[in-house]
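Asks: Sharing a structure with you now.
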Amino acid sequence: MQTAAHTDPGGSPPLPLAGIRVLELGQVISAPYGGLLLAELGAEVIKIESPDGGDSSRNAEITGIGELSATFVTFNHNKRSLALDLKSPDDYATFAGLVTSADVVLTNMTPRVLRSLSADYDTLAALNPALILCAIQGFSGDDPRADAPSYDLTHQALSGLMLFEGQPGDPPLRMCLPIADLSSAQFAVNGILAALVARGRTGRGELVRVPMYNATLSLLTYTATLYLTSGKEPVRTGVEHEHTVPWQAVATADGDVVLAVRAERFWQRLCHAIERPDLIEDPRFESNSVRMRNRAELRSILEKSLAGHGADHWLRRLAEFGVPSAKVRTVKEALEAAQTEVAPMVQSYDQEGFGTVTLLGSPIEFGSGARLTVAAAPDLDEYRDHLR
């Protein structure tokens, strides 16, 4: 496999984290995704892996493309790899040497495992007082579950998310994206960036903890505020919005479209667009709060109104009247469209021994033109030659 590249060889300006070194002690998604986000901002990310097979996501059995793991290459491109057994004195000495020159250590190991490997914050800060250690873990440090293994699915269940989606009476629904892992990684990067800014003022490092349980709970946002302040429990409303009507998907003759009618002016525009201006004065729909009480009747009217034409017809007409709307795409349709609509997001590289890998790059655009050129995910221990 190729080694990681962090700048555009065409000569674009350096990315914001150029010169920042990150050591990643991570497995599967949360810490590796955080490491990827830092790499996409220009950091050098050295992935510390077990000599015994490395990150378990290298196994292509679950998301394999032939012998290649889609999970591994997605979350680990543009990184280095160094295989170290931290229980070996020689390998730990190598790791400790890297810590002295590192800016950040990012991990999703449990606190107990970090202590057993002498990779906890107190130990590493003694080697490098300016070091930032960011630990993604299941629960807060004083929680009795802090050392228990944690997974995306368990946090979706504990946070209420699995009974938040769908219709009343539906069984628990797992969000198909690993939202607990992904959001924890995002919060970890936020914490790391804040700690880097603070270190620029104080010269001191920091311990940043991101409990996955807390991160996933935080996604409840205003739903949590409503319940904690007033006792109002959320109601499962499927593709419809609990608090705004119409804010939903509606079937047309050949596919679904979504209508995002947040304000009354959009409601009036929608009525004209579907040639039902009479609905504007209809007392059943005179305001959002009234429409919420009569959502079933309005749903039926919208379905009948849009059934006569296809999605493209309605999207053109809705755009003409200034109604926020969009076609409901399959994942295939979205990715096919992305190759022309947002071409910089879709990038390819050559993976040695496999061929061309195409994936999604960073969504961040810098006005300076700084950008990352996507490079291959590393072979296990490919960075060792750089230590000699």
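Asks: Does Phe95 satisfy the condition of being crowded, with 19+ Cβ neighbours inside 10 Å, of a type outside the set (Val, Ile, Thr) and more than 26 Å from the chain's Cα centre (by Cα)?
Replies: On the way: crowded, with 19+ Cβ neighbours inside 10 Å: yes; of a type outside the set (Val, Ile, Thr): yes; more than 26 Å from the chain's Cα centre (by Cα): yes.
Against the criterion (crowded, with 19+ Cβ neighbours inside 10 Å, of a type outside the set (Val, Ile, Thr) and more than 26 Å from the chain's Cα centre (by Cα)), Phe95 qualifies.
Asks: Free of Cβ contacts under 8 Å to residues at least 40 places away in the same chain, under 32 Å from the mean Cα position of the chain (by Cα) and buried (at least 16 other Cβ atoms within 10 Å of the Cβ): does that describe Trp247? Before the answer, list the steps.
Replies: Numbers: free of Cβ contacts under 8 Å to residues at least 40 places away in the same chain: yes; under 32 Å from the mean Cα position of the chain (by Cα): yes; buried (at least 16 other Cβ atoms within 10 Å of the Cβ): yes.
Against the criterion (free of Cβ contacts under 8 Å to residues at least 40 places away in the same chain, under 32 Å from the mean Cα position of the chain (by Cα) and buried (at least 16 other Cβ atoms within 10 Å of the Cβ)), Trp247 qualifies.
Asks: From the list Arg236, Arg209, Arg262, pick out the single residue that is over 30 Å from His309 (Cβ atoms) and at pLDDT below 95.
Replies: Just a single option satisfies the conditions, and that option is Arg236.
Asks: Only residues that are in a helix (DSSP H, G or I) and either within 24 Å of Ser57 (Cα to Cα) or within 28 Å of the chain's Cα centre (by Cα) (or both): list them for segment 99-116, please.
Replies: Scanning segment 99-116 gives Val99, Pro111, Arg112, Val113, Leu114, Arg115, Ser116.
Asks: Next question. Taking the options Ala93, Ala119, name whichever one is farther than 30 Å from Glu242 by Cα, out of contact with any His (no Cβ under 8 Å at 6 or more places or on another chain) and not in a helix (DSSP H, G or I).
Replies: Ala119
Asks: If you don't mind, there's one more thing I want to ask. Wholly within segment 276-388, which helices (runs of 4 or more DSSP H) include no fewer than the required count, namely at least 2 residues that are among the acidic types (Asp, Glu) and without any contact (Cβ under 8 Å) to a residue 24 or more places away in the chain?
Replies: Here the list reads 331-341.
Asks: Also: Quick one: is Ser140 assigned to a loop (DSSP other than H, G, I, E, B), over 24 Å from the mean Cα position of the chain (by Cα) and touching a residue at least 12 places away in the same chain (Cβ under 8 Å)?
Replies: Answer is no for this residue.
Asks: Of the residues that make up segment 115-124, is at least one in contact with an Asp or Glu (Cβ under 8 Å, 6 or more places away or on another chain) and surrounded by 17 or more Cβ atoms within 10 Å (Cβ to Cβ)? Walk me through how you get there before you give the answer.
Replies: From segment 115-124, those in contact with an Asp or Glu (Cβ under 8 Å, 6 or more places away or on another chain) are none; that's our starting set.
No: segment 115-124 contains no residue that is in contact with an Asp or Glu (Cβ under 8 Å, 6 or more places away or on another chain) and surrounded by 17 or more Cβ atoms within 10 Å (Cβ to Cβ).
Asks: On to the next question. Name every residue in segment 324-358 that is over 20 Å from Asp254 (Cα atoms) and buried (at least 16 other Cβ atoms within 10 Å of the Cβ), in order of residue number.
Replies: Within segment 324-358, Val346, Gln347, Tyr349, Gln351, Val357 meet the criteria.
Asks: For Leu226, state whether it is aliphatic (A, V, I, L, M), crowded, with 16+ Cβ neighbours inside 10 Å and closer than 30 Å to Asn214 by Cβ.
Replies: yes
Each row is one residue, and each column tells you yes or no for (1) out of contact with any strand residue (DSSP E or B) (no Cβ under 7 Å at 6 or more places or on another chain); (2) under 24 Å from Tyr92 (Cα atoms).
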{"site": "Ser116", "(1), (2)": "yes, yes"}
{"site": "Tyr121", "(1), (2)": "no, yes"}
{"site": "Thr154", "(1), (2)": "yes, no"}
{"site": "Ala157", "(1), (2)": "yes, no"}
{"site": "Leu161", "(1), (2)": "yes, no"}
{"site": "Pro211", "(1), (2)": "no, no"}
{"site": "Leu217", "(1), (2)": "yes, no"}
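Asks: Can I ask one more? Determine whether segment 140-161 contains at least one residue that is on the phi > 0 side of the Ramachandran plot and surrounded by fewer than 20 Cβ atoms within 10 Å (Cβ to Cβ).
Replies: yes
Asks: Let me confirm something: among Ser57, Ser30, Ser69, Ser12, which residue is more than 25 Å from Tyr92 (Cα to Cα) and in contact with a helix residue (DSSP H, G or I) (Cβ under 8 Å, 6 or more places away or on another chain)?
Replies: Going through Ser57, Ser30, Ser69, Ser12 in turn, just one is more than 25 Å from Tyr92 (Cα to Cα) and in contact with a helix residue (DSSP H, G or I) (Cβ under 8 Å, 6 or more places away or on another chain): Ser69.
Asks: Might you check whether a residue that is in the same structural domain as Phe354 (by TED's automatic domain parsing), in a loop (DSSP other than H, G, I, E, B) and surrounded by fewer than 16 Cβ atoms within 10 Å (Cβ to Cβ) occurs anywhere in segment 41-50?
Replies: Looking for residues that are in the same structural domain as Phe354 (by TED's automatic domain parsing), in a loop (DSSP other than H, G, I, E, B) and surrounded by fewer than 16 Cβ atoms within 10 Å (Cβ to Cβ), one finds at least one in segment 41-50, hence yes.
Asks: So, one more: Tally the residues that are over 18 Å from Ala185 (Cβ atoms) and either in contact with an Asp or Glu (Cβ under 9 Å, 6 or more places away or on another chain) or part of a loop (DSSP other than H, G, I, E, B) (or both), restricting the search to segment 210-225.
Replies: Counting residues in segment 210-225 that are over 18 Å from Ala185 (Cβ atoms) and either in contact with an Asp or Glu (Cβ under 9 Å, 6 or more places away or on another chain) or part of a loop (DSSP other than H, G, I, E, B) (or both) gives 2.
Asks: Does segment 74-90 contain any residue that is among the hydroxyl-bearing types (Ser, Thr, Tyr), more than 18 Å from Leu380 (Cα to Cα), in the same structural domain as Ile136 (by TED's automatic domain parsing) and assigned to a helix (DSSP H, G or I)?
Replies: No - not one qualifying residue is present in segment 74-90.
The values are calculated or read from the model by the stated rules, or taken from the named source; none is laboratory data. Worth saying up front: this structure is predicted, and the values here are computed from it rather than measured. When we count neighbours, we look across all protein chains shown, and the Cβ atoms used for this are built from the backbone with ideal geometry, even at glycine.
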